[in-house]
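Remarks on the structure that follows.
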Amino acid sequence: MHYIEPHAHMVSRVTDDYERMALAGCKAVCEPAFWAGFDRSGPAGFFDYFSQLTEHEPKRAAKFGLRHFCWLCINSKEAEDVKLAEEVIALVPQFLDRPNVLGIGEIGLNKNSRNEMRVLEMQVDLAARHSQLILVHTPHLEDKLKGTRLILDVLKSDRRIKPERVIIDHVEEHTVEMVLDAGMWAGMTLYPETKCTPARAIDILEIYGRERLWLNSACDWGVSDPLAVPKTALEMKRRGYLAGAIEKVVFQNPKKFLSQAKNFKL
């Protein structure tokens, strides 16, 4: 079965992971800009990072027949420094015409602070001015519900933003309904220790249906699994799902959303 990995931080993964994903049926991997495990010291570090996402990683993925796409932004963990954020945001437009860029992401909130909110608004404005898709990071654990509400308020208050062109990622049982009710897409992240387990993600699908939902691994430098999506597809099969229903979630749904970006082609 084919699948799309719509959220994976491959710059932090070894080349063997690309090979394993290709063997498992992956046809494309999409990489949002994120925190590198440490705070970068200035905008030059982000310039190099954006160059890595748009120049180097597509070549590394192509060795295994994988299309590599990316999203660009300053992530919420480094958004507390508004001046730095302004300088990084100013760099982004020169990369938007690169052939593998999908949009602005993963923007969002980390600690739900005022500075993070200000930077979120700036990046939503950036996406609106350049007609870009948006991928949003929601906070972890106890801050997720409040953060998701704040993020939705920002997005819904900007009339330029079309909800069907926004994916709110890392949803869980207590946030998925409000995202879907807002007309936006919801991403379920499959982590071994936090976010959704495969069983929880499938439970959510059984409650809320299979429209405007996708699965992703968000694999990065921490404890995570680049094969989380095909493993969850296998668990869906064990539960009795037919191949067409599984393929809709792991391939057709992300393809439908991502195809709104002019650069997304398989």
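Run the dipole for the stretch 107-155 about the Cα centre, Lys and Arg Cβ at +1, Asp and Glu Cβ at -1, nothing else charged, and hand back the magnitude in debye, nearest 20.
The dipole magnitude comes to about 40 debye.
Could you size up the charge dipole of the chain around its Cα centre, putting +1 on the beta carbon of Lys and Arg and -1 on that of Asp and Glu, and report it in debye to the nearest 20?
900
Which of D39, D17, D169 moves the most in a Gaussian network model of the chain with Cα springs under 10 Å?
Answer for the Gaussian network model of the chain: D39.
With each run of n ≥ 4 DSSP H residues scored as -39500 (n - 2.57), what mean residue ellipticity at 222 nm is computed for the chain after dividing by its residue count and rounding to the nearest 500 deg cm²/dmol?
After summing the helix terms and dividing by residue count, I get -11000 deg cm²/dmol.
Stick to Cα atoms and the Kirkwood definition of Rh, then tell me Rg/Rh for the stretch 21-101.
1.02
How much of the calculated P(r) for the stretch 2-160 lies past 19 Å, in percent of all Cα pairs?
Values: 6759 of 12561 pairs.
Percentage above 19 Å: 54.
Can you list the residues, at least 5 places off or on another chain, whose amide H is less than 5 Å from the amide H of C26, using H built in the peptide plane?
The list, which skips near neighbours in sequence, is Y3.
Would you please state which residues of the stretch 204-240 a label at K27 would reach in this model, taking the label point 7 Å out along Cα→Cβ and a backbone N cut-off of under 17 Å?
From the stretch 204-240, the list is 214-216, 229-230, 233.
Got the relative contact order for the stretch 1-58 handy, in percent, Cα pairs under 8 Å and 6 or more residues apart?
Values: 41 pairs, mean separation 24.2, N = 58.
It rounds to 42 percent for the stretch 1-58.
Counting pairwise Cα distances across the chain, what percent come out greater than 31 angstrom?
Across the chain, Cα pairs with separations above 31 Å total 18 percent.
Taking the simple approach of a point 7 Å from Cα along Cα-to-Cβ for both S259 and R114, what is their distance in nm?
According to this spin-label approximation, the distance is 4.6 nm.
Probe 1.4 Å, all protein chains in place: accessible area of R13 in Å², nearest 10?
Taking all protein chains as shown, R13 has close to 40 Å².
Tell me, what is the 1.4 Å probe accessible area of H56, in Å² to the nearest 10?
100
Say the cut-off is 32 Å between C-alpha atoms; which of K59/K146; K146/K255; K59/K144 go over it?
Pairs exceeding the cut-off: K59/K146; K59/K144.
So what is the relative contact order for the chain, in percent, with contacts set as C-alpha pairs under 8 Å and at least six apart?
20
What accessible area per residue comes out for the chain, rounded to a whole number of Å², with a 1.4 Å probe?
Result: 43 Å² per residue.
Just the ratio, please: alpha-carbon radius of gyration of the stretch 62-153 over 2.2 N^0.38 Å, N its number of residues. Write out the running numbers ahead of the final one.
On the way: Rg = 13.9 Å, N = 92, 2.2 N^0.38 = 12.3 Å.
Cα-based Rg divided by the globular estimate yields 1.13.
Sort D143, D81 from largest to smallest accessible area, using a 1.4 Å probe on the heavy atoms of the protein chains.
The residues order as D81, D143, largest area first.
In the stretch 34-161, if the dipole is taken from +1 on Lys/Arg beta carbons and -1 on Asp/Glu beta carbons about the Cα centre, which of T148, G65, L135 is farthest to the positive end?
Value: G65.
What residue among I134, I207, I161 has the largest mean-square fluctuation in a Gaussian network model of the chain, using Cα springs under 10 Å?
I207
Over 32 Å between C-alpha atoms is what I'm after, so list which of K63/K162; K156/K237; K77/K262; K77/K162; K83/K231; K83/K265 land there.
K63/K162; K156/K237; K83/K231; K83/K265
Using a probe of 1.4 angstrom, how much of the accessible area of the stretch 103-153 is carbon and sulfur, in percent? Before the final figure, lay out each step's value.
On the way: 940 of 2080 Å².
C and S atoms contribute 45 percent here.
With all protein chains present, how much of the accessible area of the stretch 1-100 (probe radius 1.4 Å) comes from carbon and sulfur, to the nearest whole percent?
Exposed carbon and sulfur together represent 53 percent of the surface.
Between E87 and R200, what FRET efficiency comes out of the Förster formula 1/(1 + (r/R0)^6) with R0 = 45 Å and r the beta carbon distance, rounded to 0.05?
Result of the calculation: an efficiency of 0.70.
Please report the accessible area of S131 (heavy atoms, 1.4 Å probe, ligands and nucleic acids excluded) in Å², nearest 10.
Here the accessible area works out near 90 Å².
Any aspartates and glutamates with Cα under 14 Å of the K256 Cα? List them, leaving off those in the same chain fewer than 8 positions away.
Partners within reach: E5, E164, E211, E247.
Is there a quick way to get the dipole size of the stretch 163-266? I mean about its Cα centre, with the Cβ of Lys and Arg at +1 and of Asp and Glu at -1; what is the value in debye to the nearest 20?
That gives the stretch 163-266 a dipole magnitude of about 580 debye.
The values are calculated or read from the model by the stated rules, or taken from the named source; none is laboratory data. Source: prediction; values computed, not measured. Counting neighbours? That spans all protein chains shown, and the Cβs are built from the backbone with ideal geometry, glycine included. Please note that ligands, DNA and RNA were not included when accessible areas were found on the heavy atoms of the full protein model with its side chains. Shrake-Rupley method; radii C 1.70, N 1.55, O 1.52, S 1.80 Å.
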